[in-house]
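Rule-based calculations on the coordinates, nothing more; no lab input. For clarity, every value in this text was computed on a predicted model and none was experimentally measured. Positions of Cβ are generated from backbone atoms using ideal geometry, with glycine treated the same way; all protein chains shown enter the neighbour counts.
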């Protein structure tokens, strides 16, 4: 199995443009999460979804939106990118029976 | 909300020595405390976790201790090896029906010198 995948691997984006970061898991995990990791810092939760059809805000949700139409996919959208959104974005998933969160490989986003 | 602080931010040890990383948390309702290892350019990977009903957990050279009264938990790595060099993150969460939203510490860069 692939586990959890993210696309693209990296992207340079002009300020003001929109972009969707993709995340897909094949582990049938109930919960999915988006984090951002700024250089030299820890991870901060942007949005989460406890189950398909529901989403919630994390610590730093402003400027981001998510949807969870099915169990496997959890896209993150930046409607109008700003330079402060330059970061590495990690998607993660976990199952209700096991708290461990499995992380994707990350997307490195640069907003100029 | 939860606040997690992690110390030290960098730690350099000689191969074979022990390394200890400490974290404190603010939410007394937090009940799940994982530790992640992140190598340069890679994704975080879980190395050990502990739940609030346990005071200590060990897995080979790695151990975690939890003091709920003081609201702190620590990672202990014994007999360190160069491949232990990485950034380590602690995290805390209140696992419930709403999910498992982790709050991470700022990370500790561990360097093991051969």
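In terms of its C-alpha gyration tensor, the stretch B:26-107 has an oblate overall shape, because the principal axis ratio a/c (a ≥ b ≥ c, square roots of the eigenvalues) is not below 1.5 and a/b does not outweigh b/c. Shielding of peptide A:93-100 by partners, expressed as the average count of other chain Cβ atoms within 10 Å per residue Cβ, is 4. Classify chain A as rounded, prolate or oblate from the Cα gyration tensor: take a ≥ b ≥ c as the square roots of its eigenvalues, call it rounded if a/c is under 1.5, otherwise prolate when a/b beats b/c and oblate if not. Because a/c hits 1.5 or more and a/b exceeds b/c, chain A counts as prolate. Look at the stretch B:100-111: the mean tally of other chain Cβ atoms within 10 Å of its residues' Cβ atoms is 5. Of the peptides A:30-37, B:14-21, B:55-62, the ranking by mean beta-carbon count within 10 Å, highest at the top, reads A:30-37, B:14-21, B:55-62.
FRET efficiency for the residue A:73 to residue A:11 pair, using the beta carbon distance and R₀ = 22 Å, is estimated at 0.75. Other protein chain C-beta atoms within 10 Å of residue C-beta, averaged over A:25-33: 1. The Cα center of the stretch B:66-113 and the Cα center of the stretch A:1-39 differ in position by 24 Å.
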